[in-house]
Structures are given as C-alpha cells and as structure tokens.
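Worksheet: one structure, shown below.
The values are calculated or read from the model by the stated rules, or taken from the named source; none is laboratory data. On a predicted model such as this, the values are computed, not experimentally measured, just so you know. Glycine gets a Cβ as well: all are built from the backbone with ideal geometry, and neighbour counts include every protein chain shown. Accessible surface areas use protein heavy atoms only, side chains included; no ligands, DNA or RNA. Shrake-Rupley method; radii C 1.70, N 1.55, O 1.52, S 1.80 Å.
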Amino acid sequence: MLAPPQRFSGRTMSSTHQVSSGRAALAAEVLGDGDPVVFLHAGVCDRRMWRAQLDGVGANNRAIAYDRRGFGETHAEAEDHSPVADLLAVIDALANGAPAILVGCSQGGQIALDAALRRPSSVRGLVLIAPSVSGMPKASYPPEAEDLMIQLKEAEAVNARDRANAVKARLWLDGPLQPEGRVPGPARQLFLDMNAIALRSPPVGSNLDISPAFDRLGEISAPSLVIWGDLDFPHIQERSRHVATTMPNGSALQMTGVAHLPSLERPADVTGLVSEFIDRCTRSRE
C-alpha cells in the first residue's frame, strides 16, 4: 500500500517509495495529488535535479520522480534490464491508474520517447529537454568540445573520478563551448554530488531497449514540448529541433543563456514551462 502524502503547516510534503522492477528497488518520490507527472533525470544527475519542479508541479498534480539504476538512492543487482520497463513499473505503482505526462532530460528524454512508442496508452504528454533519441545519427563535435571529450575518456581510463566529474560539469552544466565554472554555487555542487554517485556505481547490466526510435518519431501523437538551451552542444540543439518538428503534435522552445541542464540553471523558468504545458494538456482534454 502506498503511503499518503504527508502534510506540514498546510503544505503537501513528499513521500518516498521503493518500486520493484526485476532485481531493482527504484527509489521514488511523490508529491501532491491529481494527474500524474513523472520526471526522468539525465545521465549525469539523479531525481534531485527536479527538486524545484517537483515542488511547483506537486502543488496541483501528482508529481513523481525516481532514480534509475546506478543513480541516487536506487539499489539494483546487476542484470540485463529495460529502462522503459522500469519507468512503466513506476507508472503502474504510483500513477493511480492514469496516463502520465513524462518530463525527461537527455537520457531521461530518450526513455520517455521509447515508452511513448512501446505503451502510448500510458503517456498523456511529453516534455523533453535536450533529449537523446535511440537510433540517432552519430554526433560530431566542434574542436573545443572534442578536446574535452578526449580529456574525459583519459580520466575514465585511469578511474580518475574527480577529474571525470569536473570535465562532465564543464560539458553538461557550463556548456562545451563556455568557460569552466560558468555555473557556480549550489547548482554546481549539486551536479558534482549527483554525478559522483553515478561514477562510483558498479555496473548495473546491459540495456535491453535497443529498438531505434529516431525513424519512428512521426508515430508519437502525444502532445509534446521540446526544450533546449542555446549553450548546449550544437548537435543536441539540432537534434532537439528535429524531434520537435517531426512529432505530429510537437512544439519547440529554445532557452537562451543555458546549456544542457536548464532545470538546475533556471529552475523557476523550467517549472513555469512544465506547468504551462500541463495546463494546456488539461484544457485540451476537457
């Protein structure tokens, strides 16, 4: 049985859950009640990247976030597994039987797209922030970014986790063509803490979701909003535009002055965009 949301001083507080999927216990958080909205984190973060969005969306909806295998507080034995099956297990356990709006960043966006193709009845809408896409063409990097990618591979090859973490912060938080440290303070510290957990995590097994989605984007009919930052990798910006224009009910929005993780850089703006999209979906349904 799921624990009801706790209340303190008139404000809805989050409740935590363990969702079983295969040999994994997925750490999930639920805030609020109403239509379900599930947040899927990037591959360098965990569910904490959505803190502001959970608080904002949870005021009027059932906001759900969880840590994937190898991230945050989730515990998983190594096994071949399907990230989409994990997501669907979270929806089945926590969404009260209703289709969910999926909000995914980067790898989280890829899982959201794959889920929309595999079980469209569970997906009411999509907010995709700089999404990866299974089956997408191989990326090419500007020379400055290519140098950083080489540094990252060298650090990973010798298990220099702190160095790898710093390079990833430069690539994904600052932006690959921006000066190191462009995003300072609590946002940077949170990034480094989240990604350090992922870097320390033992292998979780092979990904079974190998069916490409890139050539099937036109089959996804759910209302969708694709967001990206103008300081992100150039190929990610172009891919985001392609996703938005290929999905039949897709719309596009470029944010200025942010890179790959706008929920950390401009949390209030991202919360507002997600809330506006939810409102549009609700009005359309009514």
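Consider residue 167 against the criteria (1) under 18 Å from the mean Cα position of the chain (by Cα); (2) assigned to a helix (DSSP H, G or I): it satisfies all of them except one. Which criterion is unmet?
Every condition holds for residue 167 apart from (1).
Among (1) under 25 Å from residue 69 (Cα atoms); (2) surrounded by fewer than 17 Cβ atoms within 10 Å (Cβ to Cβ); (3) not hydrophobic (A, V, I, L, M, F, W, C), where does residue 262 come up short?
(2)
Kindly indicate the residue of the range 163-207 that is among the polar types (S, T, N, Q) and open to solvent by 70 Å² or more (accessible area, probe 1.4 Å) and also farthest from residue 262 (Cα to Cα) among those meeting that condition.
At the first step, the residues of the range 163-207 found to be among the polar types (S, T, N, Q) are 165, 178, 189, 195, 201, 206-207.
Filter once more, so that each one left must be open to solvent by 70 Å² or more (accessible area, probe 1.4 Å): 189, 207.
Details: 189: 15, 207: 27 Å.
Taking the candidates together, the pick is 207.
Which of the residues belonging to the range 133-162 are in contact (Cβ under 8 Å) with a residue 40 or more places away in the chain and either crowded, with 17+ Cβ neighbours inside 10 Å or out of contact with any His (no Cβ under 6 Å at 6 or more places or on another chain) (or both)? Quick ask: steps written out before the conclusion?
If we filter the range 133-162 for residues that are in contact (Cβ under 8 Å) with a residue 40 or more places away in the chain, which is where we start, we get 133-137, 139-142, 145.
Once the filter is applied, which keeps residues that are in contact (Cβ under 8 Å) with a residue 40 or more places away in the chain and either crowded, with 17+ Cβ neighbours inside 10 Å or out of contact with any His (no Cβ under 6 Å at 6 or more places or on another chain) (or both), the range 133-162 yields 133, 134, 135, 136, 137, 140, 141, 142, 145.
How many residues does the range 9-35 hold that are modelled with pLDDT of 95 or more, within 21 Å of residue 264 (Cβ to Cβ) and either open to solvent by 40 Å² or more (accessible area, probe 1.4 Å) or of a type in the set (S, T, N, Q) (or both)?
Within the range 9-35, residues that are modelled with pLDDT of 95 or more, within 21 Å of residue 264 (Cβ to Cβ) and either open to solvent by 40 Å² or more (accessible area, probe 1.4 Å) or of a type in the set (S, T, N, Q) (or both) number 0.
Considering only the range 212-246, state which residues are in a helix (DSSP H, G or I), among the charged types (D, E, K, R) and crowded, with 21+ Cβ neighbours inside 10 Å. Don't jump to the end; show me each part of the working.
Taking the range 212-246 first, the residues in a helix (DSSP H, G or I) are 214-219, 234-246.
The next check asks that each one be among the charged types (D, E, K, R); those that pass are 215-216, 219, 238-239, 241.
Within the range 212-246, just 239 meets the criteria.
Would you pick out the residues in the range 183-207 that are part of a loop (DSSP other than H, G, I, E, B), out of contact with any strand residue (DSSP E or B) (no Cβ under 6 Å at 6 or more places or on another chain) and either touching a residue at least 12 places away in the same chain (Cβ under 8 Å) or within 30 Å of residue 116 (Cβ to Cβ) (or both)? Write out each step before concluding.
So in the range 183-207, the residues part of a loop (DSSP other than H, G, I, E, B) come out as 183-184, 201-206.
The next check asks that each one be out of contact with any strand residue (DSSP E or B) (no Cβ under 6 Å at 6 or more places or on another chain); those that pass are 183-184, 201-203, 206.
Matches in the range 183-207: 183, 201, 202, 203, 206.
Report, by residue number, each residue of the range 161-190 that is closer than 28 Å to residue 202 by Cβ and among the basic types (Lys, Arg).
Once the filter is applied, which keeps residues that are closer than 28 Å to residue 202 by Cβ and among the basic types (Lys, Arg), the range 161-190 yields 161, 163, 168, 170, 188.
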